[in-house]
1. Can you tell me which residue is farthest from the chain's Cα centre (by Cα) among those in the stretch 34-83 that are basic (Lys, Arg) and more than 18 Å from residue 270 (Cα to Cα)?
2. I'm checking my understanding of the structure. Among residues of the stretch 238-280 that are assigned to a helix (DSSP H, G or I) and among the charged types (D, E, K, R), which one is farthest from the chain's Cα centre (by Cα)?
3. Of the residues 42, 78, 101, only one is assigned to a helix (DSSP H, G or I), more than 27 Å from residue 214 (Cα to Cα) and among the β-branched types (Val, Ile, Thr); which?
4. On the given criteria, is residue 144 under 22 Å from residue 324 (Cα atoms) and either in contact with a Phe, Trp or Tyr (Cβ under 9 Å, 6 or more places away or on another chain) or not basic (Lys, Arg) (or both)?
5. Check the stretch 216-234 and report whether any residue there is crowded, with 21+ Cβ neighbours inside 10 Å, closer than 25 Å to residue 410 by Cβ and of a type outside the set (Lys, Arg).
6. Could you list, in sequence order, the residues of the stretch 330-352 that are surrounded by 22 or more Cβ atoms within 10 Å (Cβ to Cβ) and among the hydroxyl-bearing types (Ser, Thr, Tyr)?
7. Would you call residue 106 crowded, with 19+ Cβ neighbours inside 10 Å, modelled with pLDDT under 90 and in contact with a helix residue (DSSP H, G or I) (Cβ under 8 Å, 6 or more places away or on another chain)?
8. How do the pairs read when you match residues in the stretch 67-91 that are surrounded by 24 or more Cβ atoms within 10 Å (Cβ to Cβ) and modelled with pLDDT of 85 or more with residues anywhere that are assigned to a loop (DSSP other than H, G, I, E, B) and among the hydrophobic types (A, V, I, L, M, F, W, C), using Cβ under 6 Å and keeping only pairs 6 or more apart or on different chains?
Amino acid sequence: MLTQTTPSTTPSRRRELRRGFPLVKERDSRSLEAEHAYLQEVNSRPSALRRWRGYWKLTGPGWLQSAITLGAGSAGSVIMAGSAFGYKLLWVSPLAMLLGVAVFASIGRQTLLTQARPYDVFWKRLHPALALFWGLNVLLASIVWQFPQYALGTAVIQDMLSVAGFSLPRLPIAIALLAVSTAVCWSYGRGSRRALRAFERSLKYMLFFMIGAFFLVVVKTGIDLGELVKGFFGFHVPESKEGVAIVLGQLGAAVGVNMTFLFPYTLLARGWGRDHLRLKNFDLGVSMFLPFVLATSFVTIACANTLHVHGIQVRGAVDAAHALEPLVGLTFGRVVFSLGVAGMCFTTMVLEMLLCGFVLSEMFGFELHGKAYKASTMLANVGVLGAFASLPFWVPVATSSLNLIMMPVAYLGFFLLHNMKSYLGKDIVRGPKAAVWNALFVLAILVVAAGAVAKILSLF
């Protein structure tokens, strides 16, 4: 005798969320249990300083956000800001990232409390079309933005080799970048906590190297403390169309739509949960906010001290390195600065590959290992062609426009989930804390929406 499922149970089953991203949990549970035990001990420490020292050892997902946002787009926008306006636009990147961190704190909170996969949440709690639009936007962006990473990365490495007296064509450099970035990316899917932590640490040390390279250039050129304070707290807004475009470029380069996908899935992949809420906030502050602000500020200051003072106009990172040479010397101008830019490109390459793997694994239901995962990550590396030829003008313009539209939509989606009792239940934020969080959320949505509208209107 057949048993008919009652109509009342069918919708609930259809709306049941997929929970967890069993990358570490299913393959290295002992290490994860040891981490939980250590975290509980850290959380119980009475001193905030002692807790922070303990949290530092566990940071990881935030470094991945820094690695992906510090790429060719960030390099170009802050070089233009520093060379055109000196110290005056130093406030833009910290403000943009601060709003991003406020939103990401909520995204992380939702993910850690529910353990639900965000793509599935968008599909079942908001709307399937929204989930699909979000996922396809992230996938498209991860492919298209790989082109400038290879273009700039290959160019600066080729330029550095020329300083040493080597003339190497673009092909072997591009192949080397492809091979190394692929090896680093695939290490993420090996499953053990140790391998995953090694992946995160490799990107962290690359970020340290990058920031250190830019800092050396700043030390060489010096800092005007008075202008520095005015730059961070003067909130200068350019009156020219070109100046507004530079500000919008910095706002757009701080947080991208692909980061809204990457962050929650890296939390789930690490096996983080409710006990990691404090750690998540610490990670966002020291691993996402600080590296981005330091790197972008150092580049801006270096360009302000040299290019802006001498009235030198540049079109990109390679031009900036050449322009710095007669002002601060060959080593600092052409090599150290270029090494930092190359590091920005490489870390972003790796994360764009990882994102393709994340998005396609969610859409087609395979996990982060095996041939399907590796093939999906390689889709991003169509961008290796960027080392030899530029995309047609309309491709990055269309992709940028779609991503600009998707940013406020994605933020709005997470804002609705943040206040959805049927999703968060008793964990929904209430009282004054909810008012502050919602105000920051709304401000972030308005900022990215205004940036999107202004940028799209400027295309016509």
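1. 45
2. Top of the filtered list is 241.
3. Of the residues listed, the single one that is assigned to a helix (DSSP H, G or I), more than 27 Å from residue 214 (Cα to Cα) and among the β-branched types (Val, Ile, Thr) is 42.
4. No, not satisfied.
5. Checked the stretch 216-234: no residue is crowded, with 21+ Cβ neighbours inside 10 Å, closer than 25 Å to residue 410 by Cβ and of a type outside the set (Lys, Arg).
6. Within the stretch 330-352, 338, 347, 348 qualify.
7. Details: crowded, with 19+ Cβ neighbours inside 10 Å: yes; modelled with pLDDT under 90: no; in contact with a helix residue (DSSP H, G or I) (Cβ under 8 Å, 6 or more places away or on another chain): yes.
No.
8. If the second residue must be assigned to a loop (DSSP other than H, G, I, E, B) and among the hydrophobic types (A, V, I, L, M, F, W, C), the pairs left are 81/89; 83/314.
The values are calculated or read from the model by the stated rules, or taken from the named source; none is laboratory data. Source: prediction; values computed, not measured. Please note: Cβ atoms are built from the backbone with ideal geometry, for glycine as well, and neighbour counts cover all protein chains shown.
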